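To keep things clear, I will list the structure first and then write my remarks on it.
The values are calculated or read from the model by the stated rules, or taken from the named source; none is laboratory data. Small disclaimer: the values here were computed from a predicted structure and weren't measured. No Cβ is skipped: glycine too gets one built from the backbone with ideal geometry, and neighbour counts run over all protein chains shown. Remember, those area values only see protein heavy atoms, side chains included, never the ligands or the DNA or RNA. Shrake-Rupley method; radii C 1.70, N 1.55, O 1.52, S 1.80 Å.
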Amino acid sequence: MGTRLNLLNAARSLWHSIRELSGDDGYERYLQHHAAAHPDTPPLSRIDWFAHEQQQKWTGVKRCC
Amino acid sequence: MKTSISKIILWLSVALLGASAVGGIALNRGESINALWFITAALCVYAIAYRFYAAWIAATVLSIDETRATPAERLNNGRDYVPTNRWIVFGHHFAAIAGPGPLVGPTLAAQFGYLPGTLWILFGAVLGGCVQDMVTLFFSTRRNGKSLGQMARDELGAIGGVAALMATFMIMIILIAVLGLVVVNAMKNSPWATSTVAATIPIAMLVGLYMYKLRPGRVLEGSILGVLLLLLAVAGGGWIDHQAGLRELFNHPGLPLAFAVIGYGFAAAILPVWMLLAPRDYLSTFVKLGTVTLLAAAIFLLRPEIKMPALTQFIDGSGPIFGGALFPFVFITIACGAISGFHSLIASGTTPKLLSNERDIRMIGYGGMLLEAMVAIMAMIAATVLDPGVFFAINSPAGVVGKEAADAVAKITSWGFPVTVEQMNLLAQQMGEATLFARTGGAPSLAVGMASIFGSAFGAGMLAMWYHFAIMFEAIFILTTLDAGTRVGRFMLQDMLGNIWPAMGRTSWYPSVLFSSAIVVAAWGYFLYIGVIDPNGGVNILWPLFGISNQILAAIALCAATGILVKSGKLRYAWITALPLTWLVIITSTASWQKLTSDDIRIGFLAAANSMSDKLAAGTLPPEKAAVAPQLIFNQQLDAVLVLFFLVMLWLIVGDTLRVCFRHLRGKPVPPLAETHYQETELERAWVRD
């Protein structure tokens, strides 16, 4: 039973990492940060957040040769 | 004490294994050698360098402080400054630094044989490239993530800042032009490759729509959908290739394709990022990581034999792919993979704002570059497992070996690398291409090498599919670099123009966007156009220019780092950056000097321009060459001016660094260290690591 649980945990943390690495969980992380840092203002909607995020990501040198 | 003894034994055996692998590679003559030796040598050398040299630099030279709060912690804004798990930062950093450069450079440098390039990738990386990336990351982290240009200006003076800015802009233009040329050469007269590459554009836009409108922010879903569509596009290209009518739609010579790439570059630069650039980047990152992993697995499974000799006669400078002797041109040709100045732009700016602890700097800065060097080693393997005759037939421009297949094989065979027309035809047919002769630029020969490795490891029935998959793989991130680079060039230009006319500096003012994008695209478009009409293939001119500019950017980064080390009272350790800096100054100065003054028309820009002028005046040029000769002559002269400009930039900043260092050592005032003040970290490692 123990190994199965470990496998399940490993799979879960792998999935977690893949989401974080790709930025798939970005909006959830943004909401968390927003709730902690600016609890008095409403957060951006998913779509506005994504637009902001992309705009910021591609300002400056982000890709190399 | 038992563990320490077993550790000593372990590292001694790694050292022994590494030494015998490097020795085996270096001393092997006459017989073929297995690719696994390359991988073994690289793994051992890199492991030892990481364990000892990088650790020593971190602890002793930089005095990395785990208790110090990073900018990500102090300035956390949930956007660009975010303390992030180190593996995630590693992934982002690696995805940002590893582009097509480490694939193309080693492929071209294989004309000298496998040995020079491999040794440079092994030792240039551990002593040069990795150190540059790591110290730049460290110094930028200590300065709230300042860019290389800002650091050079703060620590050395205005000259350093301006030199960094100008070098970055110029390198961007040359880089995009040469990468555009690589894609054009891969697509020319190949309906399969052209249709597949063309299909990546609507696929990226579809993924963009999906991520932005349909399911905002679900980048994994969008990326998986996109990758599946890309695979479908590779197969679909094969189908199109067999449809008599459709095929002609995508069957074009170089010039129209170059104009298509230029038009695409302009469109991509003015479209919103979510529409094309961002989704394409997600796809290219997935495809890149997948393909590199697959290639590593295939090399392990197949353990191919290297067929290229250790050294070829072309070390004397007479090589068909690019002119110039082993010294200094192997060090210019392989920039990315050994030392790449461009990395210092990523290591300052984006990555330092994500670090949760200074302790991660070794793994991300030094380790990230080691992984890129591994990619370069694999590219070297993929180029050298081909029969040398085949390698030269694919990579030699028609202007050197002749336009007719029979002439080309006769010439290449006469060099001692036997190849036949039948062999090349069979290979082209297997790869689903009409011809593979004179497909310069490195991408097609790399794709043939990868296809033969993949084909042998995972089933030979699909060679043509593997070949076009490899072409798609290279094209998709070349186009990402082209798009992202044009955008960066545009921002820099807007910034400069904004000093003269403030409205131009507003990055979202549409007339300014259109105008500055057009100028940037025209600049690289010009070099791309010349590269395509040049019967010698263009790569032989553009790639060395790119290498020189990239190495000069590295020299600027190392100048800034050396200056900071000396000013921090670490003169006795300053050799860690001064040594690679000296080497870069030697090789870039020699290469630039030869490019300017050599009498050999294959090396010297001015010699080539003069020789062509004379021939044009005497009327001895064939008519098709005479038609383009005035443009080629002007271009050679322009290239000479460019090289001179790079050389002056380099010496200005080197002189400025020496001035600052000597003034500091004599106790005279210099710009003060711009390091931020110490603040203790409050982050629980366990929380960040989660």
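Data overview
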quantity: Of all residues in region B:596-628 being acidic (Asp, Glu) and outside any helix (DSSP H, G or I), the one that is farthest from the chain's Cα centre (by Cα); calculated: B:Asp599
quantity: Members of region B:109-155 that are touching a Leu at 6+ places or on another chain (Cβ under 8 Å) and of a type in the set (S, T, N, Q); calculated: B:Gln132, B:Thr136, B:Ser140, B:Thr141, B:Asn144, B:Ser147
quantity: Within region A:28-45, tally of residues that are within 7 Å of chain B (Cβ to nearest Cβ) and of a type outside the set (Ser, Thr, Tyr); calculated: 3
quantity: Contacts under 6 angstrom Cβ, first residue in region B:621-646 being within 16 Å of B:Ile530 (Cα to Cα), partner assigned to a helix (DSSP H, G or I) and aromatic (Phe, Trp, Tyr), 6 or more apart; calculated: B:Gln636/B:Phe605; B:Asp639/B:Phe605; B:Ala640/B:Phe605
quantity: Any hit, region B:427-447, residues being closer than 26 Å to B:Trp239 by Cα, open to solvent by 40 Å² or more (accessible area, probe 1.4 Å) and part of a helix (DSSP H, G or I); calculated: yes
quantity: Boolean, A:Gly2 is modelled with pLDDT under 90, under 30 Å from B:Ile339 (Cα atoms) and not β-branched (Val, Ile, Thr); calculated: no
quantity: Residue in region A:28-42 that is closer than 23 Å to B:Tyr210 by Cα and surrounded by 17 or more Cβ atoms within 10 Å (Cβ to Cβ) present; calculated: yes
quantity: Pair list, Cβ under 9 Å, 6 or more apart: region B:241-258 residue among the charged types (D, E, K, R), other residue assigned to a helix (DSSP H, G or I) and surrounded by fewer than 17 Cβ atoms within 10 Å (Cβ to Cβ); calculated: B:Asp241/B:Arg247
quantity: Qualifying positions in region B:573-587 - open to solvent by 70 Å² or more (accessible area, probe 1.4 Å) and among the aromatic types (Phe, Trp, Tyr); calculated: B:Trp575, B:Trp583
quantity: Set B:Leu295, B:Leu354: member being buried (at least 19 other Cβ atoms within 10 Å of the Cβ) and in contact with a strand residue (DSSP E or B) (Cβ under 9 Å, 6 or more places away or on another chain); calculated: B:Leu354
quantity: Residues within region B:383-409 that are hydroxyl-bearing (Ser, Thr, Tyr) and part of a helix (DSSP H, G or I), tallied; calculated: 1
quantity: Residue, surrounded by the most Cβ atoms within 10 Å (Cβ to Cβ), within region B:189-199, restricted to residues that are at pLDDT 95 or above and out of contact with any Asp or Glu (no Cβ under 7 Å at 6 or more places or on another chain); calculated: B:Ala193
quantity: Every pair of residues 6+ apart whose Cβ atoms lie under 6 Å, when the first sits in region B:203-229 and is within 11 Å of chain A (Cβ to nearest Cβ) while the second is assigned to a loop (DSSP other than H, G, I, E, B) and open to solvent by less than 30 Å² (accessible area, probe 1.4 Å); calculated: B:Val219/A:Gly23; B:Val219/A:Asp24; B:Leu220/A:Asp24
quantity: Residues being within 14 Å of chain A (Cβ to nearest Cβ) and buried (at least 24 other Cβ atoms within 10 Å of the Cβ) - total across region B:152-167; calculated: 2
quantity: When residues of region B:357-369 are limited to those that are surrounded by 24 or more Cβ atoms within 10 Å (Cβ to Cβ) and of a type outside the set (D, E, K, R), the one farthest from the other protein chains (Cβ to nearest Cβ); calculated: B:Ile361
quantity: Candidate set from region B:38-63 (those that are within 30 Å of B:Glu675 (Cβ to Cβ) and aliphatic (A, V, I, L, M)); member that is surrounded by the fewest Cβ atoms within 10 Å (Cβ to Cβ); calculated: B:Ala59
quantity: Filter result for the condition that a residue is within 17 Å of the chain's Cα centre (by Cα) and under 21 Å from B:Leu231 (Cα atoms), over B:Val219, B:Val183, B:Val178, B:Val197; calculated: B:Val183
quantity: Selection within region B:298-317 - loosely packed, with under 15 Cβ neighbours inside 10 Å and more than 16 Å from B:Pro116 (Cα to Cα); calculated: B:Phe300, B:Leu301, B:Arg303, B:Glu305
quantity: Hits in region A:3-22 (condition: facing chain B (nearest Cβ under 8 Å) and among the β-branched types (Val, Ile, Thr)); calculated: A:Ile18
quantity: Any hit, region B:401-418, residues being open to solvent by less than 10 Å² (accessible area, probe 1.4 Å), touching a Ser or Thr at 6+ places or on another chain (Cβ under 9 Å), within 20 Å of B:Phe314 (Cα to Cα) and not aromatic (Phe, Trp, Tyr); calculated: yes
quantity: Restricting region B:79-96 to residues that are in contact with a Lys or Arg (Cβ under 8 Å, 6 or more places away or on another chain) and within 8 Å of another protein chain (Cβ to nearest Cβ), the residue that is nearest to B:Asp281 (Cα to Cα); calculated: B:Ala96
quantity: Number of the condition not met by B:Asp65 [criteria: (1) within 24 Å of B:Ala297 (Cα to Cα); (2) away from every other protein chain (no Cβ under 14 Å)]; calculated: (1)
quantity: Residue in region B:667-688 that is open to solvent by 20 Å² or more (accessible area, probe 1.4 Å), over 30 Å from B:Asn357 (Cβ atoms) and not in a loop (DSSP other than H, G, I, E, B) present; calculated: no
quantity: Filter pass, B:Gly538 being without any contact (Cβ under 8 Å) to a residue 40 or more places away in the chain, out of contact with any Phe, Trp or Tyr (no Cβ under 6 Å at 6 or more places or on another chain), on the phi > 0 side of the Ramachandran plot and not hydroxyl-bearing (Ser, Thr, Tyr); calculated: no
quantity: Candidates A:Asp25, A:Asp48 - the one that is more than 7 Å from every other protein chain (Cβ to nearest Cβ), closer than 30 Å to B:Thr507 by Cα and surrounded by fewer than 13 Cβ atoms within 10 Å (Cβ to Cβ); calculated: A:Asp48
quantity: Residue within region B:88-98 that is exposed (fewer than 15 other Cβ atoms within 10 Å of the Cβ) and part of a helix (DSSP H, G or I) present; calculated: no
quantity: Residues that are more than 13 Å from chain A (Cβ to nearest Cβ) and open to solvent by less than 10 Å² (accessible area, probe 1.4 Å), drawn from region B:169-184; calculated: B:Leu181, B:Val183, B:Val184
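Rundown of residues vs (1) of a type in the set (Val, Ile, Thr); (2) touching a strand residue (DSSP E or B) at 6+ places or on another chain (Cβ under 8 Å); (3) part of a loop (DSSP other than H, G, I, E, B); (4) modelled with pLDDT of 95 or more, yes/no style:
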position: B:Gly367; (1), (2), (3), (4): no, no, no, yes
position: B:Ile377; (1), (2), (3), (4): yes, no, no, yes
position: B:Ile381; (1), (2), (3), (4): yes, yes, no, yes
position: B:Lys411; (1), (2), (3), (4): no, no, no, yes
position: B:Val419; (1), (2), (3), (4): yes, no, yes, yes
position: B:Glu422; (1), (2), (3), (4): no, no, no, yes
